[in-house]
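Report on the structure given below.
The values are calculated or read from the model by the stated rules, or taken from the named source; none is laboratory data. All values reported here derive from a predicted model rather than from experimental measurement. Please note: Cβ atoms are built from the backbone with ideal geometry, for glycine as well, and neighbour counts cover all protein chains shown. Side chains are part of the model used for accessible areas, which takes the heavy atoms of the whole protein and leaves out ligands, DNA and RNA. Shrake-Rupley method; radii C 1.70, N 1.55, O 1.52, S 1.80 Å.
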Amino acid sequence: MSIDPRTALSALTTALEEHLVAASARRGEEDPIVEATFLGIIDAFEAYEEALFDAFDEVTPLVIYGEDGDDGEFDDDDFDGDGTSDNSDNGSDSAQNGPSSD
């Protein structure tokens, strides 16, 4: 049984706020508190996404870096010269470009 999407959204908001507090008080490059709150955002987001889908058959346009073998690092090929994302390798679908007005 899935949790209520509003409860999951509240948990996600709390996770983001906790990460902000930890990041503002960072003690070094690899602060374990920042890392823990970073992972907390991922967990809370995944719970929200699941609750949203279960309740309304809906998803968000957000993606967690590092999924599908992505190491989270950007290559020069990831962006066009103008600083925008290069979507040539993954097509032009509605998830990338927002909802259609059909």
*Among the numbered criteria (1) at pLDDT below 95; (2) touching a helix residue (DSSP H, G or I) at 6+ places or on another chain (Cβ under 7 Å); (3) not small (Gly, Ala, Ser), which single criterion is violated by PRO61?*
(1)
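Can you name every residue in the stretch 1-12 that is open to solvent by less than 60 Å² (accessible area, probe 1.4 Å) and among the polar types (S, T, N, Q)?
SER2
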_In the stretch 1-47, the residues that are β-branched (Val, Ile, Thr), over 20 Å from ILE64 (Cα atoms) and without any contact (Cβ under 8 Å) to a residue 24 or more places away in the chain_ = VAL21
*asked:* If I ask for residues that are loosely packed, with under 15 Cβ neighbours inside 10 Å and hydroxyl-bearing (Ser, Thr, Tyr), which ones from the stretch 18-62 would you list?
replied: SER24, THR60
*Residues located in the stretch 13-66, provided they are among the β-branched types (Val, Ile, Thr), within 17 Å of ILE3 (Cα to Cα) and outside any helix (DSSP H, G or I)*: VAL59, THR60
